[in-house]
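Colleague: Before anything else, here's the structure in question.
The values are calculated or read from the model by the stated rules, or taken from the named source; none is laboratory data. Not measured: the values here are computed from a predicted model. Cβ placement follows ideal geometry from the backbone for every residue including glycine, while neighbour counts extend to all protein chains displayed. Each accessible area value is taken on the protein alone, full model and side chains, heavy atoms only, with ligands, DNA and RNA left out. Shrake-Rupley method; radii C 1.70, N 1.55, O 1.52, S 1.80 Å.
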Amino acid sequence: MASMKWTKWGTASARGYGILRQNDCTPNCVSGKFINYLATVALTKVVDTKKYGPLFSAGDLSLDLERKHMAEKFGLAD
């Protein structure tokens, strides 16, 4: 993600948007072009870690890719 702008940042969640850059790998990944997509990110599920204190442990990525809406969940801190 590039150029992230956070619209909400709190103790329980955070939300923002930015640019997701994807290489089209055409004709191959070395010669491919990067395509930019506007994406939103939501961070939730705060966990208390011994080393860093409270951290967000779950994230949701949402974007429109070639006229299709895509969403993906991902983990962060354990």
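Colleague: Go through (1) open to solvent by 100 Å² or more (accessible area, probe 1.4 Å); (2) not in a strand (DSSP E or B) for Asp48 and report which single condition fails.
Modeller: (2)
Colleague: Looking at (1) open to solvent by less than 70 Å² (accessible area, probe 1.4 Å); (2) in a strand (DSSP E or B), which one does Asp64 not meet, given that it meets all the others?
Modeller: Status for Asp64: all satisfied but (1).
Colleague: Next question. Please work out which residue is surrounded by the fewest Cβ atoms within 10 Å (Cβ to Cβ), limiting yourself to region 16-35 and to residues that are in contact (Cβ under 8 Å) with a residue 12 or more places away in the chain and touching an Asp or Glu at 6+ places or on another chain (Cβ under 9 Å).
Modeller: In this case the residue turns out to be Phe34.
Colleague: I'd like the full set of residues that are closer than 20 Å to Glu72 by Cβ and either at pLDDT below 95 or polar (S, T, N, Q) (or both), limited to region 19-33. Write out each step before concluding.
Modeller: Let us first name the residues in region 19-33 that are closer than 20 Å to Glu72 by Cβ, namely 19-25.
Once the filter is applied, which keeps residues that are closer than 20 Å to Glu72 by Cβ and either at pLDDT below 95 or polar (S, T, N, Q) (or both), region 19-33 yields Ile19, Leu20, Arg21, Gln22, Asn23, Asp24.
Colleague: Turning to a different aspect of this structure: Can you tell me which residue in region 9-41 is farthest from Leu61 (Cα to Cα), limited to those that are assigned to a strand (DSSP E or B) and of a type in the set (S, T, N, Q)?
Modeller: To start, the set of residues in region 9-41 that are assigned to a strand (DSSP E or B) comprises 9, 14-23, 34-41.
Next cut, of a type in the set (S, T, N, Q) only: 22-23, 36, 40.
Numbers: Gln22: 14, Asn23: 18, Asn36: 15, Thr40: 6 Å.
Ranking the candidates gives Asn23 first.
Colleague: What are the pairs, 6+ residues apart or on separate chains, where a residue within region 62-78 that is free of Cβ contacts under 8 Å to residues at least 60 places away in the same chain and of a type outside the set (Gly, Ala, Ser) has its Cβ under 8 Å from a residue that is open to solvent by 100 Å² or more (accessible area, probe 1.4 Å) and not in a loop (DSSP other than H, G, I, E, B)?
Modeller: Leu63/Leu38; Leu63/His69; Asp64/Leu38
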